[in-house]
There are 2 protein chains.
Amino acid sequence: MNQAQFPRPKIVVIGAGFGGMAAVKALAGCDADITLVDRTNHHLFQPLLYQVATAVLSPADIATASRVLLRDQKNAQVLMSEVVGVDADRQRVHLAEGEDLPYDHLVLATGAAYSFFGHDEWAKHTQVLKTLDDALAIRTHLLAAFEQAEQSNDADTVRRLLTFVVIGAGPTGVELAGTIAELARTTLAKDFKHIDPRMARVVLCESGDRVLKAFPEKLSAYAKGALERLGIDVLLDQPVSEIDATGLKVGDLRIDTGNILWCAGTAARPAAGWVGAEAASNGAIKVLPDCSVPGRPEVFAIGDVSRFEDVSAVPLPSLAAVAKQQGAYVGHLLKARIAGAAAPAAFRYNDLGTMAVIGRAHAITHLGRLDLTGFIAWLAWSLVHLMLLVDFRSRLMVYVNWSWAWFTRGRGARLLAAAPVSPAIVARKLPGHP
Amino acid sequence: MNQAQFPRPKIVVIGAGFGGMAAVKALAGCDADITLVDRTNHHLFQPLLYQVATAVLSPADIATASRVLLRDQKNAQVLMSEVVGVDADRQRVHLAEGEDLPYDHLVLATGAAYSFFGHDEWAKHTQVLKTLDDALAIRTHLLAAFEQAEQSNDADTVRRLLTFVVIGAGPTGVELAGTIAELARTTLAKDFKHIDPRMARVVLCESGDRVLKAFPEKLSAYAKGALERLGIDVLLDQPVSEIDATGLKVGDLRIDTGNILWCAGTAARPAAGWVGAEAASNGAIKVLPDCSVPGRPEVFAIGDVSRFEDVSAVPLPSLAAVAKQQGAYVGHLLKARIAGAAAPAAFRYNDLGTMAVIGRAHAITHLGRLDLTGFIAWLAWSLVHLMLLVDFRSRLMVYVNWSWAWFTRGRGARLLAAAPVSPAIVARKLPGHP
């Protein structure tokens with residue numbers, strides 16, 4: 001234990017996502033003691049989480065133990081624990097169990113969770129996709145629906161079981177809908193004797209007037225066409241008004257289903273209240289140009305938990321690239337501050353472009369003035385995501401799994417632990433007649 | 001649906017393990033309707049399950065959806081459901097939900113579960129390894145123990161958290177102990193700041209007088225030496241007399257630990273009672289030389305749920321190879337019977353040898369008169385297991401994961417979903433002093 005006369009400053013980083021991990025990495029070599037706190041033991045590559053949910057990849061392919069990533073960084077330790085609050089005046093972080101964590105500098109990188117726009121009762125009828133456990137729950141739910149349908153003699157029950165509704169046509173919603181459609185139309189197509197999985201209905205609901213509204217209109221139109229060519233019903237301008245155990249109401253349409261995936265709204269996790277900071281309507285902490293919290297120069301907020309407005313007052317988008325750049329910026333700022341050097345200029349987001357993928361071989365990419373669609377965009381998407389994966393092992397495993405899925409249209413992670421038990425099975429087919 | 005005047009015979013196979021899957025495969029082309037029932041949706045390569053439990057492999061690497069394996073077999077269907085009983089007189093299988101399954105021929109391939117020798121209360125303090133869920137539970141428990149130890153200031157608590165006891169020195173016990181020792185001594189060695197994972201204590205307890213007693217004595221002695229070189233305490237002739245929430249008593253020795261892995265005794269799953277058959281002391285159904293149940297020529301039992309005695313009244317061992325050969329035999333027998341051809345001669349086990357692996361580069365193999373030890377045996381073990389893996393994708397993924405683990409000593413599947421919460425954490429170290 002370091003008990004020197006002048007103790008080293010303590011930096012606590014909450015959240016091991018893109019922002020938090022980038023901040024810790026940027027602090028390498030800094031004369032400080034850094035503690036990275038996360039409720040899980042891993043850094044997760046969230047952009048590919050939908051592929052775990054749809055049985056293409058395994059959890060281990062897109063997650064790496066935080067300790068492994070920081071193994072060689074002498075000034076950093078990892079603490080697997082849940083933060084429940086912050087005492088910003090006494091500069092201490094409260095944990096769910098054990099003693100407080102004191103800090104001299106605090107980086108909030110807790111990200112966002114899903115928001116149901118005031119309809120919290122919808123949560124229990126829908127599935128969301130933020131964590132590995134979420135992804136495995138969706139995978140179980142999807143695969144069980146087909147197993148249950150195979151065992152039912154009732155046409156309405158089968159139709160209900162094989163109707164999948166995705167709410168929200170942002171990148172996650174589009175990617176999930178596309179991959180579910182392909183799961184039904186190709187991977188599972190020939191594996192059942194009583195049902196035809198290709199008859200599954202996939203509906204993508206969007207309250208706005210186009211899909212992927214962060215992209216130029218031309219690319220949105222291309223994406224809608226690509227989704228429809230995959231057999232997906234794309235419903236635009238159709239807000240959801242009801243969700244219950246038997247289905248949902250979208251615009252004037254009632255859809256009977258137990259498979260509802262919520263990809264619509266997100267809200268920042270509750271860090272603003274912890275430090276008494278002003279929050280935007282989605283709960284995100286409004287930060288100053290150096291990513292610090294107004295009135296608390298020792299506290300920073302980055303990534304989805306923060307709201308950073310550029311010179312024209314437009315908030316930065318919820319993207320891994322924003323979180324990573326902010327994390328690196330804050331890391332360098334703290335390093336300079338602790339070394340007594342000049343503070344860097346205000347944070348500026350370097351927009352490297354955005355991409356979204358639609359199924360097996362289509363994507364759209366918006367890179368400055370260069371808009372790409374189709375297979376060439378998908379190739380760009382694949383390469384960029386492989387390069388962004390955090391370590392070489394993940395890259396290798398994802399590459400192998402993708403190659404397998406691409407050439408065989410199979411999915412390696414089609415696993416169900418136990419027989420699905422559901423009241424939806426009203427009658428079992430008499431067996432012996434495959 | 002086939003509603004011909006002479007309905008095709010119905011064959012029900014219970015269990016999608018090595019025996020059941022081999023029986024269904026051998027029935028390809030048979031003029032019958034086959035239903036394979038299993039509570040999970042996958043065929044599991046159990047010999048490598050210990051590697052999922054120790055974070056080397058992912059579940060998807062060693063499990064494949066049964067539907068994929070039987071996709072091209074027109075006369076077979078897969079039913080994901082739980083069997084709760086059999087009415088052997090009326091020839092019907094009872095399922096946990098839905099209607100009965102009628103059969104003309106029944107193959108019981110339900111395998112074995114763990115047995116606690118009359119101490120069922122030990123089950124709640126120990127972990128077993130039979131299913132993918134078991135393996136993931138052990139993985140969570142092992143990784144959480146190190147995370148909790150890292151957060152504790154109390155030397156006794158750390159010692160207790162980092163003591164791992166494996167009970168039973170059969171192949172599974174030896175393989176688990178070896179891999180846990182390597183996890184602590186190499187993979188995790190440099191990832192913590194407050195504890196030294198290499199100090200972890202791994203104890204392998206065996207009530208008999210040598211490890212791997214199914215092998216020749218010379219190989220057992222080699223294996224014991226190899227385990228001890230990995231730093232494992234091997235306790236022979238030490239029966240377990242107590243297990244509770246705080247530890248266990250082995251011989252006269254009390255060991256404080258919350259990490260107890262039970263690999264000692266197995267008992268057949270309760271199929272003998274279903275069909276009113278005579279069972280051996282471990283619950284296995286005593287079968288005739290054609291693997292059928294005495295008095296019920298239409299019912300067969302294969303693999304771990306059966307007890308098959310050779311001419312010298314020695315029962316066949318609990319091995320994947322036995323189950324596979326019996327499954328193939330029963331499949332061919334039924335195929336001949338349904339075609340009106342002559343029945344094959346009595347089943348004869350073709351012993352291809354046995355192997356066990358000790359850690360990263362040591363194994364023993366007993367192949368007829370050829371006994372191998374060390375790295376050459378490990379190479380043989382690796383090649384045989386890769387070849388036995390059920391489909392090419394699994395082979396590829398396991399090969400990639402093994403290569404990774406071998407060269408880097410890392411483990412790719414070190415994942416914990418949520419912060420471990422344990423009363424064992426009596427005091428948290430003050431952070432900021434890595």
### Task
Output the antiparallel fraction of DSSP beta bridges having both residues in the stretch B:116-265, as a percent to the nearest 5.
35 percent
### Query
Would you list B:Val398, B:Val128 from fewest to most Cβ contacts within 10 Å?
B:Val128, B:Val398
### Task
Give the cross-link partners of A:Lys218 among the lysines, using a straight C-alpha distance below 27 Å as the criterion and excluding same-chain residues fewer than 8 apart.
none
### Query
Roughly how crowded by other chains is peptide A:59-69, in terms of the mean Cβ count from those chains within 10 Å of each of its Cβ atoms?
6
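Based on the Cα atoms of the stretch A:163-223, what semi-axes does the equivalent ellipsoid have, where each is the square root of 5 times one gyration tensor eigenvalue, given in whole Å with the largest first?
27, 11, 8
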### Query
Label-point separation (nm) for A:Lys124 and A:His94, each offset 7 Å from Cα along Cα-to-Cβ?
2.7 nm
### Within straight-line cross-link reach of A:Lys249, lysines at Cα separation under 19 Å, skipping those fewer than 8 residues along the same chain
A:Lys124
### Summary
Rounded to the nearest whole number, the Stokes-Einstein translational diffusion coefficient of the stretch A:301-405 at 37 °C and 0.692 mPa s (Kirkwood radius, C-alpha pairs) in µm²/s is 203 µm²/s
### Query
Based on the alpha-carbon gyration tensor of the stretch A:1-118 and its eigenvalue square roots a ≥ b ≥ c, which shape applies: rounded if a/c is under 1.5, prolate if not and a/b is larger than b/c, or oblate?
oblate
### Query
Taking the Cα atoms only, what angle lies between the long axis of helix B:171-182 and the longest principal axis of chain B, rounded to 10 degrees?
30 degrees
#### Entry: Cα-based Rg of chain A normalised by 2.2 N^0.38 Å, two decimals
1.05
### Task
Give the nm distances, rounded to one decimal, from B:Ala113 to the matching residue in every other copy, measuring between label points 7 Å along Cα toward the beta carbon; shortest first.
3.6
### Summary
Exposure-ranked with fewest Cβ neighbours within 10 Å first, A:Val174, A:Val78, B:Val275 stand as B:Val275, A:Val78, A:Val174
#### Entry: chain B - percent relative contact order, Cα under 8 Å, separation 6 or more
20 percent
## Note on the structure
Looking along the axis that carries chain B onto chain A, the residue of B whose Cβ comes nearest, with distance in whole Å, is B:Ser58, 2
### Query
Which links in A:Lys25/A:Lys335; B:Lys130/B:Lys224; A:Lys190/B:Lys130; A:Lys190/B:Lys335; B:Lys74/B:Lys335 stretch past 22 Å when you go from one Cα to the other?
B:Lys130/B:Lys224; A:Lys190/B:Lys130; A:Lys190/B:Lys335
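For the stretch A:117-264, report the translational diffusion coefficient in µm²/s to the nearest whole number, using Stokes-Einstein at 10 °C, 1.306 mPa s, and a Kirkwood Rh over Cα pairs.
102 µm²/s
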## Note on the structure
HN-Hα couplings for the stretch A:253-264 via Karplus (6.51, -1.76, 1.60; θ = phi - 60°), in whole Hz with x for Gly/Pro, come out as 9, 9, 10, 8, 6, x, 10, 10, 10, 9, 10, 8
### Task
Return the distance in nm (one decimal) between the two label points of a simple spin-label model at A:Arg198 and B:Ser241, each offset 7 Å from Cα along Cα→Cβ.
6.9 nm
### Across the identical copies, how the B:Asn350 labels are spaced - nm, sorted shortest first, 7 Å along Cα→Cβ
6.4
### Task
Give the nm distances, rounded to one decimal, from B:Ser281 to the matching residue in every other copy, measuring between label points 7 Å along Cα toward the beta carbon; shortest first.
7.5
### Task
Using just the helices of chain A, give the 222 nm mean residue ellipticity in deg cm²/dmol: DSSP H runs with n ≥ 4 each add -39,500 (n - 2.57), and the total is spread over all residues, rounded to 500.
-9000 deg cm²/dmol
### Message
Limiting things to C-alpha atoms, what are the Rg and the maximum Cα-Cα separation (Dmax) for the protein assembly as shown, in angstroms?
### Response
29.0, 95
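If r is the Cβ-Cβ distance from B:Asp87 to B:Val384 and R0 is 56 Å, what FRET efficiency results, to the nearest 0.05?
Plugging the Cβ-Cβ distance into 1/(1 + (r/R0)^6) gives 0.85.
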### Query
What's the exposure ranking of A:Phe347, A:Phe116, B:Phe117, going from fewest to most Cβ atoms within 10 Å?
B:Phe117, A:Phe116, A:Phe347
### Cα pair distances in the stretch B:224-272, grouped into 5 Å bins until the bin that holds the longest one, percent each
5, 16, 19, 21, 18, 10, 6, 3, 1
### Query
If you count the DSSP beta bridges with both ends in the protein assembly as shown, what percent of them are antiparallel, to the nearest 5?
50 percent
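Each value in this text was obtained by applying a stated rule to the coordinates, not by laboratory testing. This one's a predicted model, so the numbers in the text were calculated from it and none came from an experiment. Please note: Cβ atoms are built from the backbone with ideal geometry, for glycine as well, and neighbour counts cover all protein chains shown.
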